[in-house]
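Report on the following structure.
The values are calculated or read from the model by the stated rules, or taken from the named source; none is laboratory data. Since we're looking at a predicted model, the values are computed, not measured. All Cβ positions, glycine included, derive from the backbone under ideal geometry; neighbour counts span all protein chains shown. Please note that ligands, DNA and RNA were not included when accessible areas were found on the heavy atoms of the full protein model with its side chains. Shrake-Rupley method; radii C 1.70, N 1.55, O 1.52, S 1.80 Å.
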Amino acid sequence: MKPAKKSTGAQRRKTVLAKKKSTKGWKTHKAKGRKLVEYGVENATSKAINKKNEAIVSSKAIGNGSRFFLSDIKETGKKEMDKQNRSQSKRENKRNAKNMDNRLKAQIEKLGLKKK
């Protein structure tokens, strides 16, 4: 017994689905128009986040004494570590300067050298 013949609509749907389905590469179709722009922005954002995270992780690893053979990662790690050290010392210097000012003012008041 032969299988029943498919209707022309069913055959057309099957060929359309076969055309849409790609056999190699990505299993999805590329976005077009407005979605392409949205995807580009989203993709750029995620790349920037990944780059920043990579720099932070490599700086932590270099700070712990790990050795890197990939020179670009080593370089970004060193730069990030230097940047973090600069920002930390800047914060500490600000904090210490305020404390020093207050202590010096208190000492001057105790000595009675404050000008009126």
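In the chain, a dipole from Cβ-located charges (positive for Lys and Arg, negative for Asp and Glu) runs towards its positive end, and of A48, G77, G65 it is A48 whose Cα lies farthest in that direction. Neighbours of S58, meaning other residues whose beta-carbon lies under 12 angstrom from its beta-carbon, give a summed charge of +3 when Lys and Arg score +1 and Asp and Glu score -1.
Summing +1 for each Lys or Arg and -1 for each Asp or Glu among the other residues whose beta-carbon sits under 13 angstrom from that of R86 gives +3.
Sorted into 5 angstrom bins from 0, the C-alpha pair distances of region 1-49 split as 4, 16, 12, 14, 14, 11, 9, 6, 5, 4, 3, 1, 0 percent. When the GluC sites (Glu not before Pro) in region 31-116 are filtered for DSSP coil states and for at most 11 other beta-carbon atoms within 10 Å of their beta-carbon, no site remains. Annotation for region 1-89: trypsin sites (Lys or Arg not before Pro) lying in DSSP loop with at most 16 further Cβ atoms inside 10 Å of their Cβ are K5, K6, K21, K24, K27, K30, K32, R67. When a 1.4 Å probe is rolled over the protein heavy atoms, the share of accessible surface on the chain that falls to carbon and sulfur comes to 57 percent. Calculated on the Cα set of the chain, radius of gyration then Dmax: 32.3, 116 Å. Exposure check, 1.4 Å probe, all protein chains in place: D101 carries approximately 80 Å² of accessible surface. For the chain, the membrane-span-like helices by this rule, meaning whole DSSP H stretches whose C-alpha atoms cover at least 20 Å of axis and whose Kyte-Doolittle mean is -1.0 or above, are 34-63; this says nothing about an actual membrane. Among the chymotrypsin sites (Phe, Trp or Tyr not before Pro) found in region 1-75, those both in a DSSP coil and sparsely packed, with 16 or fewer other Cβ atoms within 10 Å of their Cβ, are W26, F68, F69. Figure note: M81, M100 ranked by solvent-accessible area, largest first, 1.4 Å probe, ligands and nucleic acids not counted: M100, M81.
Working from Cα pairs under 8 Å separated by at least six residues, relative contact order for the chain is 14 percent.
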